[in-house]
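Remarks on the structure that follows.
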Amino acid sequence: MTADPSKPAIAVLGSINMDLVTTTEQRPAPGETVLGTGFAMVPGGKGANQAIAAQRAGGAVEFLGAVGDDVFAGALRGVLNDSGVGTGRLRTVTGPSGIAAIVVDAGGENSIIVVGGANAAMTALTDADLAVIAAADILLCQLEIPVDTVAAAVMHASANRTVVVLNPSPAQHLMADLWAHVDVAVVNSGEARHLGSDLEPVAHLVITHGADGATYRGPNGRELSQSSPRVEAIDTTGAGDTFTGALAAAWHRGPEAALAWASTAGALATTTLGASSSIPTQERIEAALPPR
């Protein structure tokens, strides 16, 4: 566990991709060709986005994942290093890194196709990986790597009293007994509807509602609602990941403070094109935090 309770040690197990981002006035309908207005390559992936967000929002993060041996690998590793995220457990495997093809329209909404690449090679955890998880204050996971690996990490974290924060996205039904070992689940409103009663065993449930903020359900029926700062949204890509990473970094402050911190961070992430490039720093979040 970290010696500084204000800077929690967070192990993030998840995906890392190169996002190929195309902007256009309107996303194409099936069979339609439209003209784009711009293109950018931005490191992303739900795991990497959340790791960077947690680090910038005040955590001390170690990333567990995989890149390929292709042209994107150096940039992907570099963006984590440049953000201060630990990469000692980022492995390199033969083959391509993960990519995401993203189309963003003039309203900031997006469509995304993810090709897992090296992320699919995360089929087992090493002893060194397990040691990082056991020593962390928080384990943060998503579902863009093999689910069995996520399940093994969750069970190991739970056995070592590491708080488990799970963003079950892309949404899918998991083993029933796994949910009982999840301390905090973070889902958007669509994922919450899809998963339904699966989420009932989770002690702390956070549901994001886009520009409308987030809600929280905790033990003993406790409920909270948090609005988001009003911003001019340019690109919503990575906003949910920013919310989740910031929530993990602030969880030690309690659900109410963490919800406000995360909602502010998520809103700020929509004001810049791209995923990792849009993630705000702790100073920006503090400056934009709504008065309490």
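Please count how many residues of segment 46-66 are under 21 Å from Thr237 (Cα atoms) and in contact with a helix residue (DSSP H, G or I) (Cβ under 7 Å, 6 or more places away or on another chain).
Number of matching residues: 12.
Take segment 147-170 and flag every residue that is in a loop (DSSP other than H, G, I, E, B) and either modelled with pLDDT of 95 or more or crowded, with 17+ Cβ neighbours inside 10 Å (or both).
Asn160, Arg161, Thr162, Asn167, Pro168, Ser169 - these are the residues of segment 147-170 that are in a loop (DSSP other than H, G, I, E, B) and either modelled with pLDDT of 95 or more or crowded, with 17+ Cβ neighbours inside 10 Å (or both).
Of (1) under 18 Å from the mean Cα position of the chain (by Cα); (2) closer than 16 Å to Gln282 by Cα, Asp183 satisfies all except one. Which?
The number of the failed condition is (2).
Tell me yes or no: at least one residue of segment 50-68 is free of Cβ contacts under 8 Å to residues at least 60 places away in the same chain, assigned to a loop (DSSP other than H, G, I, E, B), over 14 Å from the mean Cα position of the chain (by Cα) and under 22 Å from Glu144 (Cα atoms).
Yes, the conditions are met somewhere in segment 50-68.
Of all helices (runs of 4 or more DSSP H) completely enclosed by segment 182-292, which ones contain at least 2 residues that are surrounded by fewer than 17 Cβ atoms within 10 Å (Cβ to Cβ)?
Counting at least 2 such residues, we get 189-195, 255-268, 282-288.
If Trp179 satisfies all but one of (1) under 20 Å from Ile16 (Cα atoms); (2) crowded, with 18+ Cβ neighbours inside 10 Å, what's the number of the condition it fails?
All conditions pass for Trp179, except number (1).
Residues Gly238, Gly254, Gly213: which one is of a type outside the set (A, V, I, L, M, F, W, C), free of Cβ contacts under 8 Å to residues at least 12 places away in the same chain and on the phi > 0 side of the Ramachandran plot?
So the residue among Gly238, Gly254, Gly213 that is of a type outside the set (A, V, I, L, M, F, W, C), free of Cβ contacts under 8 Å to residues at least 12 places away in the same chain and on the phi > 0 side of the Ramachandran plot is Gly254.
Inside segment 9-30, can you point out the residues that are at pLDDT 95 or above, small (Gly, Ala, Ser) and not in a strand (DSSP E or B)?
Selection gives Gly14, Ser15.
Every residue, every condition in (1) modelled with pLDDT under 95; (2) in contact with a helix residue (DSSP H, G or I) (Cβ under 6 Å, 6 or more places away or on another chain), yes or no:
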position	(1), (2)
Pro201	yes, yes
Pro229	yes, yes
Glu232	yes, no
Phe243	no, yes
Ala246	no, yes
His252	no, no
Ala275	yes, yes
Ser278	yes, yes
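Name the pairs whose Cβ atoms lie under 7 Å apart, with the first residue in segment 115-130 and closer than 17 Å to Ile16 by Cα and of a type in the set (Val, Ile, Thr), the second at pLDDT 95 or above and in a helix (DSSP H, G or I), and 6 or more positions between them or separate chains?
Final answer for the pair search is Thr123/Thr149.
Could you check Met41 against (1) assigned to a strand (DSSP E or B); (2) more than 20 Å from Thr149 (Cα to Cα); (3) in contact with a Gly (Cβ under 8 Å, 6 or more places away or on another chain); (4) of a type outside the set (Phe, Trp, Tyr) and say which number it fails?
(3)
When you go through Ala134, Ala101 one by one, which is the residue that is free of Cβ contacts under 8 Å to residues at least 60 places away in the same chain and surrounded by fewer than 19 Cβ atoms within 10 Å (Cβ to Cβ)?
Details: Ala101 fails: free of Cβ contacts under 8 Å to residues at least 60 places away in the same chain.
Unique residue meeting the criteria: Ala134.
Only one of Val104, Val71, Val93 is modelled with pLDDT under 95 and more than 16 Å from the chain's Cα centre (by Cα). Can you tell me which?
Just a single option satisfies the conditions, and that option is Val104.
Can you tell me which residues in segment 164-223 are among the acidic types (Asp, Glu), closer than 19 Å to Val147 by Cβ and out of contact with any Pro (no Cβ under 9 Å at 6 or more places or on another chain)? Spell out the reasoning first.
Just the residues of segment 164-223 that are among the acidic types (Asp, Glu), to begin with: 177, 183, 191, 198, 200, 212, 223.
Within this subset, residues satisfying the condition of being closer than 19 Å to Val147 by Cβ are 177, 183, 191, 198.
Across segment 164-223, the qualifying residue is only Asp183.
Kindly indicate whether Glu144 is touching a Pro at 6+ places or on another chain (Cβ under 9 Å) and not in a helix (DSSP H, G or I).
For Glu144, the condition - touching a Pro at 6+ places or on another chain (Cβ under 9 Å) and not in a helix (DSSP H, G or I) - is met.
Would you say Gly84 is touching a strand residue (DSSP E or B) at 6+ places or on another chain (Cβ under 9 Å), surrounded by fewer than 21 Cβ atoms within 10 Å (Cβ to Cβ) and either in contact (Cβ under 8 Å) with a residue 12 or more places away in the chain or aliphatic (A, V, I, L, M) (or both)?
Judged against the criteria, Gly84 is a match.
The values are calculated or read from the model by the stated rules, or taken from the named source; none is laboratory data. For clarity, every value in this text was computed on a predicted model and none was experimentally measured. So basically every Cβ, Gly included, is an ideal-geometry build from the backbone, and we count neighbours across all protein chains shown.
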